[in-house]
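Structure first, commentary second.
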Amino acid sequence: MKQIFKYFFLLFFAININAQNIENAEKDSLKIKSVELFREIYWNNIPKPVSWTNDYEDLFSDLEQTKLDSIISKFERETSIEISIVTIDTIKTSKEKFDDLTLHIAQTWNIGKVEKDNGILIGISKGYRRIRIQNGNGIEKIVTNEETKEIIENYFIPEFKKGEYYNGTLNGLCEIIRILKDKSEK
């Protein structure tokens, strides 16, 4: 009798654990579907930019955002080149779709003058440890992909590695502006 009771108890315990695993898998599946749905809704309803710097990941203080906006505004008045910065939380996209989202945002926001296609979007994700610079076709004639890559590696990333997102963004932004000014003066 004790033996039967032991087997019955083990069987009941195994069934209970299996049921919990199924329930947990269903909850995980529901969470994944919810995140995917949220990302799809976000993709289809990109929020309008509030300024040149749109910090959805809370990397910058208000003062830092104001300083970045001021630099970009001054440069835009001087050159008509528009630069926008966006930080993107991991809930809004997967790591694999980050580059696609930055391009989609650049196109949705119409960064740059239409006739010149002279916009630049700097997309940053602290959570994914990613940065992407999307140059409009007019900018690609001035700044090569290789130069853009060097700016990322030499001006943004060293500060990002130290957790200094404002300093890295400021350094990278100033280098982009410097290159654009130097090349347009020639």
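The values are calculated or read from the model by the stated rules, or taken from the named source; none is laboratory data. Note that this is a predicted model, so its numbers are computed, not measured. Don't worry about glycine lacking a Cβ; one is built from the backbone with ideal geometry, like all the others, and counts go over all protein chains shown. Side chains are part of the model used for accessible areas, which takes the heavy atoms of the whole protein and leaves out ligands, DNA and RNA. Shrake-Rupley method; radii C 1.70, N 1.55, O 1.52, S 1.80 Å.
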(request) Name every residue in region 128-166 that is among the hydrophobic types (A, V, I, L, M, F, W, C) and at pLDDT 95 or above, in order of residue number. (result) 131, 133, 151, 152, 156, 157, 160
(message) Being in contact with a Gly (Cβ under 7 Å, 6 or more places away or on another chain), under 28 Å from residue 48 (Cβ atoms), at pLDDT 95 or above and in a helix (DSSP H, G or I): is that true of residue 169 here?
(response) no
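Could you identify the single residue in 23, 64, 57 that is in contact with a Lys or Arg (Cβ under 6 Å, 6 or more places away or on another chain) and either open to solvent by 50 Å² or more (accessible area, probe 1.4 Å) or modelled with pLDDT of 90 or more (or both)? Talk me through it step by step, then tell me what you get.
On the way: 23 fails: in contact with a Lys or Arg (Cβ under 6 Å, 6 or more places away or on another chain); 64 fails: in contact with a Lys or Arg (Cβ under 6 Å, 6 or more places away or on another chain).
Answer to the selection: 57.
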(message) Can you find, within region 163-186, the residue that is nearest to residue 67 (Cα to Cα) among those that are touching a residue at least 24 places away in the same chain (Cβ under 8 Å) and surrounded by fewer than 19 Cβ atoms within 10 Å (Cβ to Cβ)?
(response) 166
(message) All but one of (1) open to solvent by 30 Å² or more (accessible area, probe 1.4 Å); (2) farther than 30 Å from residue 32 by Cβ; (3) among the polar types (S, T, N, Q) hold for residue 108; state the number of the condition that does not hold.
(response) (2)
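Is there a residue being farther than 18 Å from residue 43 by Cα, basic (Lys, Arg) and not in a loop (DSSP other than H, G, I, E, B) anywhere in region 108-130? Steps first, please.
Start the filter on region 108-130 by keeping residues that are farther than 18 Å from residue 43 by Cα, which leaves 112-120, 126-127, 129-130.
Checking which are basic (Lys, Arg) leaves us with 113, 116, 126, 129-130.
With the extra rule that they be not in a loop (DSSP other than H, G, I, E, B), the set shrinks to 130.
So far as region 108-130 goes, yes, one or more of its residues are farther than 18 Å from residue 43 by Cα, basic (Lys, Arg) and not in a loop (DSSP other than H, G, I, E, B).
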(request) Being in contact with a helix residue (DSSP H, G or I) (Cβ under 9 Å, 6 or more places away or on another chain), open to solvent by 40 Å² or more (accessible area, probe 1.4 Å) and of a type outside the set (Asp, Glu) is the filter here, so list the residues in region 75-89 that pass it. (result) 79
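Out of the residues in region 132-162 meeting the condition of being assigned to a helix (DSSP H, G or I), among the polar types (S, T, N, Q) and open to solvent by 40 Å² or more (accessible area, probe 1.4 Å), tell me which one is nearest to residue 172 (Cα to Cα). Before you say what the answer is, go through the steps one by one.
Let us first name the residues in region 132-162 that are assigned to a helix (DSSP H, G or I), namely 137-140, 145-161.
The next check asks that each one be among the polar types (S, T, N, Q); those that pass are 137, 145, 148, 154.
From what is left, the residues that are open to solvent by 40 Å² or more (accessible area, probe 1.4 Å) are 137, 145, 154.
On the way: 137: 20, 145: 15, 154: 8 Å.
Only one residue tops the list, namely 154.
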(request) Could you grab me the full set of residues in region 146-184 that are more than 19 Å from residue 135 (Cβ to Cβ) and either in contact with a Phe, Trp or Tyr (Cβ under 6 Å, 6 or more places away or on another chain) or among the acidic types (Asp, Glu) (or both)? (result) 159, 164, 166
